[in-house]
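Inspection log for the structure reproduced underneath, given as structure tokens.
The values are calculated or read from the model by the stated rules, or taken from the named source; none is laboratory data. Keep in mind it's a predicted model, so treat the numbers as computed, not measured. Neighbour counts run over all protein chains shown; Cβ positions are idealised from the backbone, glycine included.
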Ligand SMILES: CC(C)(COP(=O)(O)OP(=O)(O)OC[C@H]1O[C@@H](n2cnc3c(N)ncnc32)[C@H](O)[C@@H]1OP(=O)(O)O)[C@@H](O)C(=O)NCCC(=O)NCCS
């Protein structure tokens, strides 16, 4: 498997990436069309988009966007093909994106991880986040949520936006210091 800059991908490979995005994160990109548009919009020199490719096939991809004037980099989006998950591809992409963010001079790589599924996945869903948030963060339980993946990679919860996705459905911010 190779990690390559998405600027070098063929039209066919960009279509594979759009399919991965649409199938992996349907809440964010409910149609293939919207996933295609997202990739097109993000493929600009200010951002870095990297793909994991094996035998010409895209297995996953992720991007970083400058935020807070370039002091930080935001990871957005990240998705691995469902049949190749759990094999280290997501980890390899995040590590390569950390290197790219470091090269761009960012102090921190961060991401928002929405806890938006019905019923909630983490211990921050469906609770009053205005009541003793520090204690809730200390006792954080990711459950089945993707924040477990980022915690394994050394990311820490650096914030939470209550009700960002509807009542009781927060956006959870995770970050890692790069320098
Ligand atoms: C999150 C995602 C990118 C991880 O990619 P991956 O290639 O499966 O990740 P890795 O194989 O590198 O996993 C690294 C570790 O994290 C764990 N992990 C991965 N996804 C996880 C999840 N959703 N919940 C809990 N643990 C997870 C793996 O089990 C592995 O643990 P191990 O080191 O103990 O074996 C992938 O599951 C995905 O595309 N999910 C759907 C889209 C998504 O949620 N994107 C993130 C939006 S913020």
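Scanning the range 55-75 for residues that are touching a helix residue (DSSP H, G or I) at 6+ places or on another chain (Cβ under 8 Å) and more than 7 Å from the ligand (Cβ to nearest atom) yields a total of 11. Quick check on residue 44: is it in contact with a strand residue (DSSP E or B) (Cβ under 7 Å, 6 or more places away or on another chain), more than 10 Å from the ligand (Cβ to nearest atom) and under 15 Å from residue 6 (Cβ atoms)? No: the conditions fail for residue 44. Counting the residues of the range 165-174 that are out of contact with any helix residue (DSSP H, G or I) (no Cβ under 9 Å at 6 or more places or on another chain) and within 16 Å of the ligand (Cβ to nearest atom) gives 5. The strands (runs of 3 or more DSSP E) falling completely within the range 81-179 include none with 3 or more residues that are on the phi > 0 side of the Ramachandran plot. Scanning the range 118-164 for residues that are over 15 Å from the mean Cα position of the chain (by Cα), within 23 Å of residue 85 (Cβ to Cβ) and either away from the ligand (no atom under 12 Å from the Cβ) or assigned by TED's automatic domain parsing to the domain that holds residue 94 (or both) yields a count of 5. Based on what the data block shows, is residue 97 under 20 Å from residue 48 (Cβ atoms), within 12 Å of the chain's Cα centre (by Cα) and within 13 Å of the ligand (Cβ to nearest atom)? Here the answer is yes, as residue 97 does meet what is asked. Restricting attention to the range 85-94, the residues that are more than 6 Å from the ligand (Cβ to nearest atom) and touching a helix residue (DSSP H, G or I) at 6+ places or on another chain (Cβ under 9 Å) add up to 1.
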